[in-house]
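Notes follow the structure.
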Amino acid sequence: MIKQHRQQKSTTTLHFFFFLSLFVWLPLPLGSNRIWAGLLFVALSSLLFSFTFFRLFKKANPLPLAFKRAWPVTALLLLAQLVIALQLLAGTTISRSDTLYQLLLGFGYLAFYLTALLVIDSPKRLKTTLYIVVASGTFQAIYGGWMTLSGSEYLFILAKEHYLGTATGTFINRNHFAGYLVLCLSLGIGLMLANLSSTPISGMKDLARKTLSALLSHKILIRAALAVMVIGLVLSHSRMGNSSFFIALTVTAFIYLITQRFSRQAIVLFVSLLVIDLFIVGAFFGVNKVVDRLSETSASTESRDEVNRYTYQLFKDNVIIGTGAGSFATAFPAYREKDITIFYDHTHNDYLEFLSDRGVLGVLPLATCVLLSLITGSKTLIRRKSHLMKGTAFGCIMSTIALAIHSTVDFNLYILANAASFMLVLALIQVSSTLNTSK
């Protein structure tokens, strides 16, 4: 019996290892924004979910509570996939190959989400996952910063052709690099909150002692990783990437402090994040350049407003079912006017592109998934006592808010690495809500 238990534990540990390895791999090949990388992701995530689920089923092991409680989100994700399948079967898509690819990706995202619910089944694994996310973001920031500051600029073994002089990590686009860093930063801040002392602070002297103790412990490594990622974010010169991070941090910190009755330790952490990162680290590594780009932005220098207007017209003509998932590049040329002189394969607005591609029928299930997850995360902040669960919920809520802001001007959800990472965020919300812990 003991031998069988150890074998089962070893097997599930192996599945957990492969899941984390897949997560770390995704941003490396240009954010997996290539068809071959997308198909590889679909194959690996589907196989990993199948092996994990049937292994548990064969051994008659109970499924994790997070997996069971996530059935509404799972059903909605499946419904969104059925809408894409309907576009193919009914012949309403204007680009069958692109829509088929999006259908396959959708099943890959679903498999990735469900696998996360199955393998992250203990507080130790939850914490390990957060550490891996922080490590991946830190690597991207170090690599992107090194390439930019050294002048030897390469992507994933390929020489950079675009965004020279700005950090992009292994992504092609600096904004998608920034989007990935913000997600990792959000969960990293959640990890910092998870490591806060659970004992109450008796006074300012006790607060200073615990702050100094935290600086001299392993927590300083997490704090250093966050600072490195902020440097990478600033070096990206992404306007909305930087803006979404600080706006989401401010909003989520305010929510957290209200729910935690203005915890002194949390206040110190948030103030240090805003002051040290924004005014010291950011200023030294060029936050002024981001500010300059924001101040120089105007309707006369940007064509995105016109693209959004024409995309809205595209949506109005295909309100219910859309033109087909992934078909924007094919559908848009018929709607753009002469003032758009460059080719747009995406509309730089996730909301409009999802609506024009999938219609209301395809977007409504996805929007409901996010709304349900935010409600679940908010309940975790209010009801759970565990710092780990609260910190995880904080990171997930913050990353969701940041992505929601960033999506108004970019297409992070069409970049596989970022979309899959967001599926992990949705899974972590369910895990933090249901995972059994003594704290």
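The values are calculated or read from the model by the stated rules, or taken from the named source; none is laboratory data. All of these numbers come straight from a predicted model, not from anything done at the bench. Cβ sites come from the backbone with ideal geometry, for glycine too, and all protein chains shown count toward neighbours. Calculation scope for accessible area: heavy atoms of the full protein, side chains included, ligands and nucleic acids excluded. Shrake-Rupley method; radii C 1.70, N 1.55, O 1.52, S 1.80 Å.
Computed from label points 7 Å out along Cα-Cβ, the spacing between Val271 and Asn436 is 4.1 nm.
Compared with the alpha-carbon gap, the fully stretched path from Leu371 to Gln313 is longer by 18.2 nm at 0.36 nm per residue.
Screening the chain for DSSP H helices whose Cα atoms reach 15 Å or more along their own axis and whose mean Kyte hydropathy is at least 1.6 gives 35-58, 71-90, 219-235. Near Cys396, once Lys and Arg are set to +1 and Asp and Glu to -1 for all other residues with Cβ below 14 Å from its Cβ, the sum equals +3.
On full extension, the segment bounded by Thr13 and Ala135 gains 42.0 nm, given 0.36 nm per residue less the C-alpha separation.
The stretch between Asp305 and Arg264, if pulled fully straight at 0.36 nm per residue, gains 10.4 nm over its current Cα-Cα span. Take every Cα pair under 8 Å whose residues are at least 6 apart in sequence, average their separation, divide by the length of the stretch 1-156, and the relative contact order is 34 percent.
Can you tell me, using C-alpha contacts under 8 Å and at least 6 residues apart, the relative contact order of the chain as a whole percent?
Answer for the chain is 25 percent.
A simple count of charges around Phe53, restricted to other residues whose Cβ falls under 14 Å of its Cβ and scoring Lys, Arg +1 and Asp, Glu -1, yields +3.
Checked against a 30 Å cut-off, the cross-linked pairs Lys68/Lys385; Lys316/Lys338; Lys58/Lys385; Lys58/Lys379; Lys160/Lys219 give Cα-Cα distances beyond that limit for Lys58/Lys385; Lys58/Lys379; Lys160/Lys219. For the chain, carbon and sulfur atoms together expose 68% of the accessible surface, with a 1.4 angstrom probe and every protein chain in place. Comparing Asn318, Asn242, Asn61 in a Gaussian network model of the chain (Cα springs below 10 Å), the most mobile by mean-square fluctuation is Asn61.
Accessible area per residue for the chain in Å², computed with a 1.4 Å probe and the full protein assembly in place, what is it? Result: 45 Å² per residue. Placing dummy labels 7 Å off each Cα toward the beta-carbon, the span from Asn61 to Val360 is 4.5 nm. Its alpha carbons considered, the chain gives a radius of gyration followed by a Dmax of 21.9, 73 Å. Here His387 sits with roughly 50 square angstrom of accessible surface, probe radius 1.4 Å.
How much FRET efficiency would the formula 1/(1 + (r/R0)^6) give for Leu149 and Trp25, where r is the Cβ-Cβ distance and R0 is 25 Å, rounded to 0.05? Given R0 = 25 Å and the Cβ-Cβ separation, E is 0.45.
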